[in-house]
Amino acid sequence: MINKKRVEELINERIAELNNGLFVVELSISASNVITVELDKHQGGVSVDDCIAVSRNIEHNLDREQQDFELNVSSAGLDKPLRVLPQFIKNIGRTVKVVKMDGTKLEGELKSATETGIVVENSRTEKVEGKKKKEVIVEQHQLPFDNIKETKIVITFK
């Protein structure tokens, strides 16, 4: 089995060299030695060159003679849920869809993110008694991470 700690060191070594805001979203090593690395950036997107640089550092420093392996390095992708705090921070201001542990869904603007949870703001129009016009009601929902099953970015084409 390939040493996960060693792979982490190799990834972090290259990320430090590149010094362009990359961070690891996920690192997994299967029983059949398939190494999967997902990267993201604090600002902007992950380039093919970023993936190649991290991939080469891993590939050139692990000995295939000792243990053969398959290596996949990619960006986290818009269609995947947010999984680590830097991703939440990067996406403040964007519209997200949150599925809570009880199955209820909430869609709104991601306002803030901390180690403990996120704040999502949404608005709706509602008829207020005694008034002719509907009013916009803005709500902020504080959601602890242990109450969140999944958070995805809502992709819109405007």
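The values are calculated or read from the model by the stated rules, or taken from the named source; none is laboratory data. Bear in mind that the values here come from a model prediction, so they are computed numbers and not experimental data. Here the Cβ is made from the backbone with ideal geometry for all residues, glycine too, and neighbour counts use every protein chain on show.
Does Leu10 satisfy the criteria of being surrounded by 12 or more Cβ atoms within 10 Å (Cβ to Cβ) and without any contact (Cβ under 8 Å) to a residue 24 or more places away in the chain? Walk me through how you get there before you give the answer.
Details: surrounded by 12 or more Cβ atoms within 10 Å (Cβ to Cβ): yes; without any contact (Cβ under 8 Å) to a residue 24 or more places away in the chain: no.
When the stated conditions are applied, Leu10 does not pass them.
Does Thr95 meet the test of being surrounded by 13 or more Cβ atoms within 10 Å (Cβ to Cβ), modelled with pLDDT of 95 or more and either among the β-branched types (Val, Ile, Thr) or within 30 Å of Phe157 (Cβ to Cβ) (or both)?
Criteria met by Thr95.
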Checking Val25 against (1) in contact (Cβ under 8 Å) with a residue 60 or more places away in the chain; (2) within 18 Å of the chain's Cα centre (by Cα); (3) not in a strand (DSSP E or B), which single condition isn't satisfied?
(3)
Quick check: is even one residue across the range 78-91 hydrophobic (A, V, I, L, M, F, W, C), at pLDDT below 95 and either part of a loop (DSSP other than H, G, I, E, B) or surrounded by fewer than 15 Cβ atoms within 10 Å (Cβ to Cβ) (or both)?
yes
Which residues, counting only those in the range 46-77, are at pLDDT 95 or above and either basic (Lys, Arg) or at positive phi (or both)?
Arg56
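Please tell me if Leu110 is assigned to a strand (DSSP E or B) and either at negative phi or modelled with pLDDT under 95 (or both). Before you say what the answer is, go through the steps one by one.
Details: assigned to a strand (DSSP E or B): yes; either at negative phi or modelled with pLDDT under 95 (or both): yes.
For Leu110, the condition - assigned to a strand (DSSP E or B) and either at negative phi or modelled with pLDDT under 95 (or both) - is met.
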Right, Val73: more than 13 Å from the chain's Cα centre (by Cα), within 14 Å of Glu26 (Cα to Cα) and not in a loop (DSSP other than H, G, I, E, B) or not?
yes
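In the range 36-68, which residue that is outside any helix (DSSP H, G or I), out of contact with any strand residue (DSSP E or B) (no Cβ under 6 Å at 6 or more places or on another chain) and not charged (D, E, K, R) is surrounded by the most Cβ atoms within 10 Å (Cβ to Cβ)?
In the first step, residues of the range 36-68 are kept if they are outside any helix (DSSP H, G or I); the result is 36-47, 62-68.
Of the ones still in play, those that are also out of contact with any strand residue (DSSP E or B) (no Cβ under 6 Å at 6 or more places or on another chain) are 42-45, 47, 62-68.
Subsequent filtering for residues that are not charged (D, E, K, R) retains 42-45, 47, 62, 66-67.
Numbers: His42: 12, Gln43: 7, Gly44: 10, Gly45: 10, Ser47: 14, Leu62: 20, Gln66: 8, Gln67: 11.
The qualifying residue surrounded by the most Cβ atoms within 10 Å (Cβ to Cβ) is Leu62.
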